[in-house]
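This report refers to the structure that appears directly beneath it.
The values are calculated or read from the model by the stated rules, or taken from the named source; none is laboratory data. Remember, it's a predicted structure, so these values are computed and weren't measured experimentally. Here the Cβ positions follow ideal geometry from the backbone for every residue, glycine too, while neighbour counts run over all protein chains shown.
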Amino acid sequence: MSGNPFRNQPIYARTASVLMRDINRIEASLNSQGSGLIDIMIVIDTSGSMNDVINAVKQNVRFIFDEVTAQIASARIGLVEQGDWYVDSVYRCQPTSDTAVFQAAINAFGNCGGSYEAYVDSLIMAVQQTQWRAGATRLVIIIGDESANQQARSGKTWSQAIAIASAADVIVAMIIAKASAEYYCRPSYSQATEATGGVLLVAPTNDDVVDMIILMIGYFVYDQTEFFKYTPAGKQSLGMPDGGVSVPSDNALANTPLTPNPIIDMRNAVLGIVNTGRLKAGSGQPFNWTSGSADNLYRIAMGDRTAYGATGGIRYTWTRTLAQMLGAAPYDIDIGEVHECVRVLKVAVGI
């Protein structure tokens, strides 16, 4: 933990503004180049056991697009039909915002027999044949119910396919389409998600796959927090976030009452970053906010808290609640906690 830069020092409005900009920089780094663009390729196993899953997606194309674009207006979604040893995988459509194009692509799906299913070759196809937009987050979502580590017609291995995706800055996310298949799928699916920064989800039922596609996409384009100043007349925006370049400005909070509200806003932003599960502690595991965990961000950031003059030893969450801060004299540790957590997160993202 760094030395306490706030002990016996005044806290300036500029201090909070710099922390806010750093938080926005971390949030922007969760997007490719902070652009807010995302191109998604969905790869679906088309063996017979996946028919119900495919039908669920077919019947909910409009819903999927409406929900995804409500989160990310710039999102585009494409589709690859996964084959097997005997049936070629088919690149059905490039990422599109046109629901009719996607609907026609999935309606054209055939079936494969399920012999040596083409997870390897379909991933390589999705990575190499997609016309990714410049600056966009590149996401491939693979939906299946078999191990991905199978023999491929191309002669490539699953490890090689993952390496190709990683080299192309493609995130590989995986959905296990049936809970009963988790035991067989998890090792190879986790191998891909851990290597590329993806997420692995398990669908309890076929219908849950649709919701998981929507949930999955939300992980990978992260909105930057809009911060506010608080006055007796209400709250006022400090400006639309620009990735921490110049918003909020150094003087954004100048001449405003000192209240805990901006600290609470920063805390909530830090928790949101942790909850993405995408930033990892030194152990290689994602940061969390779990009491007792060695990967708890607060514990890592604050240590035993003695540098901040605190007593009581190690904690796993903020010292004071909003209610406890309201009306109380300002204490260095409250903004210091945010400072230390942000410092650790900046290291994790390399800024």
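Being out of contact with any Gly (no Cβ under 7 Å at 6 or more places or on another chain), touching a residue at least 12 places away in the same chain (Cβ under 8 Å) and outside the structural domain of residue 111 (by TED's automatic domain parsing) narrows it down to one of 54, 26, 44, 64, so name that one.
Numbers: 54 fails: outside the structural domain of residue 111 (by TED's automatic domain parsing); 44 fails: outside the structural domain of residue 111 (by TED's automatic domain parsing); 64 fails: outside the structural domain of residue 111 (by TED's automatic domain parsing).
Criteria check complete, one pass: 26.
A quick yes/no check of all residues on (1) more than 24 Å from residue 223 (Cβ to Cβ); (2) surrounded by 14 or more Cβ atoms within 10 Å (Cβ to Cβ); (3) in contact with a Lys or Arg (Cβ under 8 Å, 6 or more places away or on another chain):
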{"site": "309", "(1), (2), (3)": "yes, yes, yes"}
{"site": "317", "(1), (2), (3)": "no, yes, no"}
{"site": "323", "(1), (2), (3)": "yes, no, no"}
{"site": "327", "(1), (2), (3)": "yes, no, no"}
{"site": "334", "(1), (2), (3)": "yes, yes, yes"}
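Which count do you get for residues in the range 142-193 that are within 21 Å of residue 87 (Cβ to Cβ) and among the aliphatic types (A, V, I, L, M)?
7
For the range 209-232, give me each residue that is surrounded by fewer than 19 Cβ atoms within 10 Å (Cβ to Cβ) and of a type in the set (D, E, K, R).
The answer is 211, 223, 226.
Any idea how many residues of the range 250-282 are assigned to a loop (DSSP other than H, G, I, E, B), in contact with a helix residue (DSSP H, G or I) (Cβ under 8 Å, 6 or more places away or on another chain) and closer than 19 Å to residue 193 by Cβ?
2
What number of residues within the range 57-80 are surrounded by fewer than 19 Cβ atoms within 10 Å (Cβ to Cβ) and either over 24 Å from the mean Cα position of the chain (by Cα) or basic (Lys, Arg) (or both)?
3
Among the residues of the range 338-351, which ones are part of a helix (DSSP H, G or I) and touching a residue at least 40 places away in the same chain (Cβ under 8 Å)?
Taking the range 338-351 and keeping what is part of a helix (DSSP H, G or I), we get 338-349.
Selection gives 338, 339, 340, 341, 342, 343, 344, 345, 346, 348, 349.
Going through the range 283-304 one residue at a time, which ones are part of a loop (DSSP other than H, G, I, E, B) and closer than 11 Å to residue 345 by Cα?
Hit for the range 283-304 is 287, nothing else.
One line per residue, one yes/no per condition, for (1) closer than 17 Å to residue 20 by Cα; (2) within 21 Å of the chain's Cα centre (by Cα):
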residue: 243; (1), (2): yes, yes
residue: 251; (1), (2): yes, no
residue: 256; (1), (2): yes, no
residue: 261; (1), (2): yes, no
residue: 279; (1), (2): no, yes
residue: 292; (1), (2): no, no
residue: 308; (1), (2): no, no
residue: 311; (1), (2): no, no
residue: 324; (1), (2): no, no
